[in-house]
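To start, the structure itself, in structure tokens.
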Amino acid sequence: MSGVFTDVALRAIRAGVRIPAGSLVQKYLELSYTADLLARLRIDCVLDVGANTGQFADRLRRTGYTGHIVSFEPMPREYAIIAEAANRDARWHTFNFALGSKAETKRFNVLGSGAGTVYSSFLDPLPGETPAVSETIAIEVRRLDDVFDRIEGLVGADARHFLKIDTQGYDLEVCKGGEAALPRMLGLQSEVSIKPLYAGQPGYIDALAYYEALGFALMNLSIVNRTAAGSVLEYDCLMARPAALAG
């Protein structure tokens, strides 16, 4: 059967048939890999940092994850959407602030509107690949270490944690504010950029080296988006602690 499928696939490629970027087939493969890793690590608490309107949490539920989700979203309009959804889900907990390397109130760039707000960031966008800044707001930032006791109060002290970060160039700052909590994270998902989209954004090599120094091993890279010319802009990197995989 695999030989027949391979033959059909090769003929399709020769005929010019392509899977469109961002297609349901690609998303299925990526989501299935994430779901399998969560199950393998026996994760029962996902920290969803940079939740936007709850897209990641919704996909988790639709792929069968039944454990706790703790979402952090600082933008007021987007937070209102996830808070309403979480009211119908007893294991979905939400916080209306950002996570970073230190507790402060910080300037935040809201980019675009509607679905375009996923590009919003503390960092200033570089011209070319993101929507324009539509407004600038003041955002409360806290450290993961400072709120981790509250998380444990919601999900239990023995929970097995997975950290998903999608903060548009600010992911490493989130980790720097969670040095005490990070050893509790058995897996991690973070966006890494091949071409910087924001001023001061860490490069993908530096980001991967940082995560590896924390004890995570790379499990998968999936393409988030490409340039008009077809080169990769960003990957989602999926990582896990080798000892947790062995256990």
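Of all residues in segment 189-247 being of a type in the set (S, T, Y) and in contact with a strand residue (DSSP E or B) (Cβ under 9 Å, 6 or more places away or on another chain), which is surrounded by the fewest Cβ atoms within 10 Å (Cβ to Cβ)?
Applying the filter and picking the extreme gives T227.
Does K106 satisfy the condition of being among the basic types (K, R) and in contact (Cβ under 8 Å) with a residue 12 or more places away in the chain?
Here the answer is yes, as K106 does meet what is asked.
Among R77, R61, R42, R88, which is more than 25 Å from K106 (Cα to Cα), of a type in the set (K, R) and assigned to a helix (DSSP H, G or I)?
R61
Would you say P125 is more than 18 Å from the chain's Cα centre (by Cα) and closer than 19 Å to S190 by Cα?
yes
What are the residue pairs meeting all of these: first residue in segment 157-177, first residue free of Cβ contacts under 8 Å to residues at least 24 places away in the same chain and over 23 Å from A243 (Cα atoms), second residue crowded, with 22+ Cβ neighbours inside 10 Å and among the charged types (D, E, K, R), Cβ atoms under 7 Å, and 6 or more apart or on different chains?
none
Restricting attention to segment 216-247, which residues are more than 16 Å from D171 (Cα to Cα), outside any strand (DSSP E or B) and not aliphatic (A, V, I, L, M)?
If the condition is that a residue be more than 16 Å from D171 (Cα to Cα), outside any strand (DSSP E or B) and not aliphatic (A, V, I, L, M), then T227, G230, S231, R241, P242, G247 are the ones that fit.
Kindly evaluate L99 against the criterion of being in contact with a helix residue (DSSP H, G or I) (Cβ under 7 Å, 6 or more places away or on another chain) and at pLDDT 95 or above.
So L99 passes the test.
Which of the residues spanning segment 32-51 are surrounded by 20 or more Cβ atoms within 10 Å (Cβ to Cβ) and modelled with pLDDT under 95?
Listed by number, the list holds a single entry, T34.
Just to be sure, is A157 at pLDDT 95 or above and either touching a Phe, Trp or Tyr at 6+ places or on another chain (Cβ under 6 Å) or crowded, with 21+ Cβ neighbours inside 10 Å (or both)?
no
Which condition number does R59 fail, the rest of (1) out of contact with any strand residue (DSSP E or B) (no Cβ under 6 Å at 6 or more places or on another chain); (2) over 24 Å from S121 (Cβ atoms) being met?
(2)
Where the second residue is of a type in the set (S, T, Y) and loosely packed, with under 15 Cβ neighbours inside 10 Å and the first is without any contact (Cβ under 8 Å) to a residue 40 or more places away in the chain and lies in segment 114-143, which pairs have Cβ atoms under 7 Å and are six or more apart or on separate chains?
Listed by first residue and then by second, the contacts come to S134/S113; A138/T105.
Residues in segment 174-188 that are buried (at least 22 other Cβ atoms within 10 Å of the Cβ) and of a type in the set (D, E): how many?
Residues in segment 174-188 being buried (at least 22 other Cβ atoms within 10 Å of the Cβ) and of a type in the set (D, E): 0 in total.
Which one of T130, T105, T117, T94 is polar (S, T, N, Q) and surrounded by fewer than 12 Cβ atoms within 10 Å (Cβ to Cβ)?
None of the other options fit; the residue is T105.
The values are calculated or read from the model by the stated rules, or taken from the named source; none is laboratory data. Source: prediction; values computed, not measured. Here the Cβ is made from the backbone with ideal geometry for all residues, glycine too, and neighbour counts use every protein chain on show.
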